[in-house]
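Everything on this sheet refers to the single structure shown next.
The values are calculated or read from the model by the stated rules, or taken from the named source; none is laboratory data. Note that the coordinates shown come from a computational prediction; the quantities given were computed from them, not determined experimentally. Cβ placement follows ideal geometry from the backbone for every residue including glycine, while neighbour counts extend to all protein chains displayed. Accessible surface is based on the protein model in full, side chains and every heavy atom, while ligands, DNA and RNA are left aside. Shrake-Rupley method; radii C 1.70, N 1.55, O 1.52, S 1.80 Å.
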Amino acid sequence: MIRAAAVCTMLVAVPTFATAEVELSFYGGIQSAASSDVAIRGDSEISDDNFSMDWEGRSFDAPPYYGIRATNWRTESFGYGIDFSHNKIYPKDGELPVGYDVLEFTDGLNTLTINAYRRWDGAFGEMTPYVGGGLGIAIPHVEVTNGTSETFGYQLTGPAATWIAGATYPINDRWSVFGEYKGTYSANTADLDTGGTLETDVFTNAVNLGVSFNF
């Protein structure tokens with residue numbers, strides 16, 4: 001499963017970090033998605049088509065929206081790490097183009113990125129603001145059904161990017177809580193099981209709350 005693989009990737013990466021502060025973060029929140037253009041090309045069962053889709057995130061529907069992050073803070077102000085985000089997109093209000101029974105990325109529109117971060121430790125008393133961004137890959141669960149064409153499975157569909165701004169507040173020496181805005185972009189070219197491709201570039205936006213463990 002892609003979620004288990006992502007967690008394992010982080011846990012393997014952490015021991016390779018230098019002796020600087022390492023931070024493991026877990027977050028959830030409310031995630032939405034902007035409308036995007038969809039192109040279908042070269043399929044034996046689905047006619048070539050271009051249309052626009054209005055998406056929604058349904059963050060709390062199973063499986064819920066969430067993310068996991070491992071950061072190596074090399075100095076008081078600079079860090080880098082790995083971030084896995086389980087984004088989701090459904091057709092808004094269940095509206096589908098004619099001929100489609102299913103068209104969604106709900107398990108989900110996953111992204112795995114390598115990020116860099118800048119923080120300002122104690123800039124507002126005990127509260128520390130930060131910003132970050134990174135590049136990586138999109139690994140969505142592609143779900144498309146049109147007539148006798150049915151695609152259902154995880155694929156590596158293209159590049160992804162993320163950008164983040166937030167603030168963290170310590171609970172004690174090891175634990176802290178944080179809130180942030182997080183955006184993602186993914187350029188997706190998915191293979192359909194009947195020989196064609198589906199292409200769409202998706203932007204998501206999320207307001208996250210999370211907890212971090214530092215060691």
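If you go through region 86-99 and keep only what is part of a loop (DSSP other than H, G, I, E, B) and either modelled with pLDDT of 95 or more or not charged (D, E, K, R) (or both), you end up with 96, 97, 98, 99.
Restricting the first member to region 111-126 and to residues that are free of Cβ contacts under 8 Å to residues at least 60 places away in the same chain and among the acidic types (Asp, Glu), and the second to residues that are open to solvent by 60 Å² or more (accessible area, probe 1.4 Å) and in a loop (DSSP other than H, G, I, E, B), the beta-carbon pairs closer than 9 Å and six or more apart or on different chains are 121/76. Considering region 152-178, the residues that are closer than 25 Å to residue 140 by Cα and among the small types (Gly, Ala, Ser) include one that is most open to solvent (accessible area, probe 1.4 Å), namely 165.
Note on region 71-80: residues that are surrounded by fewer than 22 Cβ atoms within 10 Å (Cβ to Cβ) and either of a type in the set (D, E, K, R) or not in a loop (DSSP other than H, G, I, E, B) (or both) total 6. Where strands (runs of 3 or more DSSP E) fall entirely within region 100-210, those with at least 2 residues that are hydroxyl-bearing (Ser, Thr, Tyr) and out of contact with any helix residue (DSSP H, G or I) (no Cβ under 8 Å at 6 or more places or on another chain) are at 100-119, 128-138, 149-154, 158-170, 175-191. For region 194-212, residues that are more than 17 Å from residue 103 (Cβ to Cβ) and of a type outside the set (Val, Ile, Thr) total 8.
Only one entry in 83, 43, 37 is crowded, with 16+ Cβ neighbours inside 10 Å, modelled with pLDDT of 95 or more and under 21 Å from residue 159 (Cβ atoms), namely 83.
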